[in-house]
Amino acid sequence: MNLHEYQGKEILNSFGVEIQRGIVAITPEEAVEAAKKLTEETGTGWHVIKAQVHAGGRGKGGGVKLAKNIQEVKDIAGEIIGMNLVTPQTSAEGKKVHQVLVAEDVYYPGDSEPEEYYMSVLLNRSTGKNMIMYSTEGGMDIETVAEETPHLIFHEEVDPAVGLMPFQARRVAFNLGLSGQAFKQMTKFVTALYKAYVNSDSSLFEINPVLKTSDDKIIAVDAKVTIDDNALFRHKDYAAMRDVREENATEVEAKAVGLSYVDLDGNVGCMVNGAGLAMATMDLIKQAGGEPANFLDVGGTADAERVETAFNLILKDPNVKAILVNIFGGIVRCDRVAQGIVDAYKNIGTIDIPIIVRLQGTNADIAKELIDNSGLDVQSAVQFQEAADKVQEVLS
Ligand code: GDP
Ligand code: MN
């Protein structure tokens, strides 16, 4: 589950990570109140107004702006709230901004030497360890840094059973070229950040930039936090932070009925039982010259109702040019699924794209007969290759 910047910062701060302080606002008037309150607390007269959407690159899209006085806070908040923010990480339509974070300006006016670093914490799946990835090249696209100056990206691998050792935190500060007070602050920052990552059951932290002020404070200016969905049951407070407006509507709907669905960019919808078979089916579609439009695992209890729901989800995607149903009947009986498909087809009315169905396993022969005799425009296949050929046929 992805979080907004302000929510991510709240979590970081609860573990002692220094953050750029801010207050979230949904109207320009609230933004003004927030700015006044921040001025009382921090003494700063300048504020930065930041669009809260689940996408990075907001600065480039005009979603992060500096306000030098209260009038500007009001004007800029009014401009950003309600806008469709287009950034390098959104679609061309952009994302609607429902709220802004009014934050203290931590780049003191006139600060001649603010340093921006990059830091993320994530799981390195190939070593089975947590990893702190960091760079002196903060504030910019880390992908570009990785491409053009990969030697400026450092990795610190942390054994999850041992935890972050003090020497590792010091190595991070050292590699970032810090000394004195800044060095000390950075080791504190890294230690708190790692603790936050583990204890919040996150799967990704990305702090870009981490700021070093001229008076040697180390501050998280941005925060991208992803919490592991499978751990949300033990973090009710984080689960409540979910903002479904930011999520794919079809994925939200699928989740509500217990289907695992992931929206993709391709043209062949697929309905499969079991995640492994779903992955194999996506490969098959690619080999046949198509692109999967989704990942959809209807699970082990693929009954008629679930099949119909799944069809409806797939059909919401206007890019879908064909649907491939690939079900293995282990516990589930193929004839039941076939009946589900026939019923769904009739209930939905007209489905004007080709459907290829491969049912294999328990009662596959009865299932094929059911489909072939249904009079519907559904093509049945028994072998994997046969299904692939049929996909190729309907796409050409
Ligand atoms: P992103 O563009 O979505 O990654 O949003 P960020 O939170 O990283 O902000 C974008 C950029 O705005 C940062 O890289 C900073 O350079 C700038 N920025 C953020 N906070 C402040 C601030 O308090 N003062 C000033 N002057 N610039 C800021
Ligand atoms: Mn950023």
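Structure summary
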quantity	calculated
Per-q log10 I(q)/I(0), the stretch 248-395, q = 0.21 Å⁻¹ (Debye; single scatterer per alpha-carbon; no solvent)	-1.43
At R0 = 35 Å, FRET efficiency that the Cβ-Cβ distance of Asn248 and Asp201 yields, to 0.05	0.95
Gain in span if fully extended, Gln385 to Asp228, counting 0.36 nm per residue against the direct Cα distance	52.9 nm
Contact order relative to length of the stretch 248-395, as percent, for alpha carbon pairs under 8 angstrom and 6 or more apart	23 percent
Ranked packing of 244-250, 14-20, 319-325, most packed first, by mean Cβ within 10 Å	319-325, 14-20, 244-250
Percent of Cα pairs exceeding the 35 Å cut-off, where the set is the chain	42 percent
The stretch 248-395 - share of DSSP beta bridges that are antiparallel (%, nearest 5)	20 percent
Dipole of the stretch 248-395, positive end: most advanced residue of Ile331, Leu313, Val394 [Cβ charges, Cα centre]	Ile331
Kyte-Doolittle at least 0.0, axis length at least 24 Å by Cα - qualifying DSSP helices, the chain	none
Alpha carbon Rg of the stretch 1-128, scaled by the compact-globule rule 2.2 N^0.38 Å	1.12
Charge-dipole axis of the stretch 1-80 as Lys and Arg at +1 and Asp and Glu at -1 on Cβ define it, positive-most pick from Ala25, Trp46, Gly63	Gly63
Positive-pole candidate from Thr350, Gly300, Gln181, dipole of the chain, charges at beta carbon	Gln181
Student exercise, the stretch 21-105 dipole from Lys, Arg, Asp, Glu Cβ charges, in Debye to nearest 20	300 debye
14 Å reach of a label modelled at Thr39, 7 Å along Cα-to-Cβ, counting backbone N of the stretch 70-86	70-75
Environment charge at Ser14 (Cβ cut-off 12 Å; Lys +1, Arg +1, Asp -1, Glu -1)	0
Length released on extending from Arg171 to Ile331, taking residue separation times 0.36 nm less the Cα-Cα span	52.2 nm
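Read-outs throughout are calculated quantities, based only on the coordinates presented, and are distinct from any laboratory measurement. Just so you know, these numbers come straight off a predicted model, no measurement behind them. Virtual Cβ from ideal backbone geometry, glycine too; neighbours counted across all protein chains shown.
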